[in-house]
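Colleague: Next up is a structure, given as structure tokens.
Values in this text are rule-based calculations from the coordinates and carry no lab data. Just so you know, these numbers come straight off a predicted model, no measurement behind them. A quick note on method: Cβ atoms are made from the backbone with ideal geometry, for glycine too, and the neighbour counts reach across all protein chains shown.
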Amino acid sequence: MTPEPDLNSIDPLRDAYHQGIIDNPNHETFLTDRHTALLCIDLQYLDAAPGHGVFADATQHGVSEESQKYYFNRLQSVVFPNIRSLQDAFRRRRLEVIHTRIQSLTRDGRDRGKGHRRLGLHAAPGSREADFIEQVAPAPDRDEIIFNKTASGVFSSTNLHYVLTNLDIESLFIVGVYTNECVETTVRDACDLGYLVTVIDDCCATVTPELHEASLATLRDRYARVLTLEQALESIESLLRTA
């Protein structure tokens, strides 16, 4: 039987990061004191619905049928239901649920980030690509905040940090797609800006399980606490039982 590797020999900085960021007790304190928000990344038709946006033209997107099957099955059977459960838990306790999506300011997309122009990514205002997936969309009866962006990172392309500061938000639960692109970029930026971040493993997805796991493997030892939905809901219930 192969012995378990010594993680400290592989990553000598692991313990320091865990003490200061991953296992920081303020994760619980900020939740108890209502300084935590849920940030939902790019749950829209552009990149999370078969036959739309990125996946509209099979000759262009380069994602194999096998990977598409994996991705959309994970979204429909795991990620969307789990995100909705987490959104409902935050809403019941009157915590902020914030949404991001890829959407340009203009119909022709001339304001898009250069990266999105190079990739041909465009969701115009009012387009189907810009629509949220209904199951995990902003609640129609609540004044939930939406940030439109044309870059992977919402912090680098919007005034999200300014708004979170105004809301007295100190920590974020982050969910959405793709794990290895917009989610990971947002997590890293949030950590650098001083937020304590929690990523919910089974509320995120990308086009292969290997890419998903590779992103989380780095994030969990540097930038974010990584929990399952069950662990997240248990934490919310135990800390906000009377809310």
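Colleague: For Asn26 and Asn166, what does the FRET efficiency come to when R0 = 22 Å and r is the distance between their Cβ atoms, rounded to the nearest 0.05?
Modeller: For R0 = 22 Å, the calculated efficiency reads 0.65.
Colleague: Please give, to one decimal in nm, the separation of the simple spin-label points placed at Val78 and Ser238, each 7 Å out from Cα toward the Cβ.
Modeller: Using points 7 Å along Cα→Cβ, the separation is 2.4 nm.
Colleague: Along each of its three principal axes, how wide is the spread of alpha-carbon positions in the chain, in whole angstrom units, largest first?
Modeller: The Cα atoms of the chain stretch 50, 47, 32 Å along the principal axes, largest first.
Colleague: Assuming a ≥ b ≥ c are the square roots of the Cα gyration tensor eigenvalues, decide whether region 104-148 counts as rounded (a/c under 1.5), prolate (otherwise, with a/b larger than b/c) or oblate.
Modeller: Prolate is the answer for region 104-148, as a/c is 1.5 or above and a/b outweighs b/c.
Colleague: Could you order peptides 105-113, 142-150 by the average number of other Cβ atoms within 10 Å of their residues, highest first?
Modeller: Taking the mean over residues of other Cβ atoms within 10 Å, the ranking is 142-150, 105-113.
Colleague: If each residue's Cβ is checked for other Cβ atoms within 10 Å, how do Val63, Val154 rank with the fewest at the top?
Modeller: Val63, Val154
Colleague: Here's a follow-up. Is the C-alpha gyration tensor of region 54-116 telling us rounded, prolate or oblate? Criteria: a/c under 1.5 is rounded; beyond that, a/b larger than b/c is prolate, otherwise oblate.
Modeller: Judged from the Cα gyration tensor, region 54-116 comes out oblate (a/c at least 1.5, b/c at or above a/b).
Colleague: How far is it, in nm, from the label point at Ala214 to the one at Asp88 when both lie 7 Å from their Cα along the line to the Cβ?
Modeller: 3.6
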